[in-house]
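K.L.:
To start, I am sharing the structure in question, which I have written as structure tokens.
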Amino acid sequence: MSDSAQSVDELSTGQRIGHRLSFMWHRLLGKDYAMTVPMFGQPVTLVVSTSRELRRAAQVSYEGFFIQRILSSLQPGDVFFDVGGNIGLVSLIVTRQPQFEGGVAHAFEPEPRNLEHMERNVSANTLDERIHSHGIALSKEEGTASLFVRGKAGEGRHSLVSEKGSTGSIEVRLSTMASFCAEQSVYPSIVKIDVEGAEGEVLAGMDGLMKENRPRELFMEIHNKGGEDRMPDGTLIDDWLAERNYERIWEKRRGHGRHRHYRTRA
């Protein structure tokens, strides 16, 4: 699949203005607005209740190359783990793809408002049987931790490791991916990680999967905060994954961070 595949960018200026005006009208009436837009060749419906969520839909284009890498790696029957699921956008796009036939997604989002909006979006797309939402944070250990919250629903910059710009904090439940998989008897073939600096923490909690049932593909955004490209013990993420027979096959800078794609060696 090429990098020129359809995205939300293909809406005309008039269509974008129309959606914004409809959103504002619904907000005046005290109602949510359901907008359906083409994303990477498939229609996706979002139930929008804040201007942030409206912008979030438009921001998909900024991650186009990253999402395209994920879509080009999908196979029928895959299990997709969306770690840092936000309002469910990536899971919705993945699950809509014809090459994901028979596949299921598990989206992990510890922030309650985002989780609620994700679940509404999943239901609006009648994908409740294929996208399973989980209100936990995947990390290096089980327990609880403070999640530093930033902004309103739809905000994608909540963090377990950095309080910069936060407006408060909430206690959230932690689990490791290895424990979750063992408890649920479900194992991912593709994992996407976007957790605002806690990438190494998530990977550390996957260690128990790396010998058996390990994911085929790993996608992550490396942030310039928190672990900053390192595991909790200080090892570089590239080196840690290389020891577990993964190789980095793609990287693209995005703002102050980097998008990466790792794949298991043959």
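Just so you know, all these numbers are worked out from the coordinates, no wet-lab data involved. A quick note: this is a predicted structure, and the numbers were derived from the prediction, not measured. Heads up, the Cβs are rebuilt from the backbone with ideal geometry, glycines too, and the neighbour counts pull from every protein chain shown.
K.L.:
Measure nothing fancy, just the Cα-based angle from helix 13-28's long axis to the longest principal axis of the chain, in degrees from 0 to 90, nearest 10.
P.N.:
Helix 13-28 sits at roughly 80 degrees to that axis.
K.L.:
A further question on this structure: With θ set to phi - 60°, apply the Karplus curve 6.51 cos²θ - 1.76 cosθ + 1.60 along the stretch 214-220 and write out the HN-Hα couplings as whole Hz, x wherever there is a Gly or Pro.
P.N.:
Each residue of the stretch 214-220 in turn: 6, x, 6, 10, 10, 10, 8 Hz.
K.L.:
Just one of [x] 7, 30, 35, 21, 6, 1; [y] 7, 31, 38, 20, 4, 0; [z] 7, 23, 26, 16, 11, 8, 5, 3, 1, 0 is P(r) over Cα pairs in 10 Å bins from 0, in percent calculated from these coordinates, so which is it?
P.N.:
Matching entry in [x] 7, 30, 35, 21, 6, 1; [y] 7, 31, 38, 20, 4, 0; [z] 7, 23, 26, 16, 11, 8, 5, 3, 1, 0: [y].
K.L.:
Sticking with this one: Could you give the spread of the C-alpha atoms of the stretch 192-256 along their three principal axes, from largest to smallest, in whole angstroms?
P.N.:
The Cα atoms of the stretch 192-256 stretch 35, 24, 18 Å along their principal axes.
K.L.:
Which whole number in µm²/s is D for the stretch 16-143 by Stokes-Einstein, with the Kirkwood Rh taken over Cα pairs at 25 °C and 0.890 mPa s? All intermediate terms of the calculation are to be shown ahead of the outcome.
P.N.:
Values: Rh = 15.2 Å.
D = 162 µm²/s.
K.L.:
Suppose we keep just the DSSP beta bridges with both residues in the chain; what percent of those would be antiparallel, to 5? Don't skip to the answer; put the middle values down first.
P.N.:
Working: 30 of 49 bridges.
Taking every DSSP beta bridge with both residues in the chain, the antiparallel ones total about 60 percent.
K.L.:
Whole percent per 10 Å bin, from 0 to the bin with the longest distance: what is P(r) over all C-alpha pairs of the stretch 28-82?
P.N.:
So the P(r) values, bin by bin, are 19, 43, 28, 8, 1.
K.L.:
Can you compute the helix-only [θ] at 222 nm over the chain? Use -39500 (n - 2.57) per DSSP H run of at least 4 residues, normalise by all residues, nearest 500 deg cm²/dmol.
P.N.:
For the chain, the value works out to -8000 deg cm²/dmol.
K.L.:
If you place +1 on the Cβ of every Lys and Arg and -1 on the Cβ of every Asp and Glu, how big does the dipole about the Cα centre of the stretch 63-128 come out, in debye to the nearest 20? Spell out each step's value before the answer.
P.N.:
Details: 4 positive and 9 negative charges, 33 e Å.
Magnitude of the dipole: close to 160 debye.
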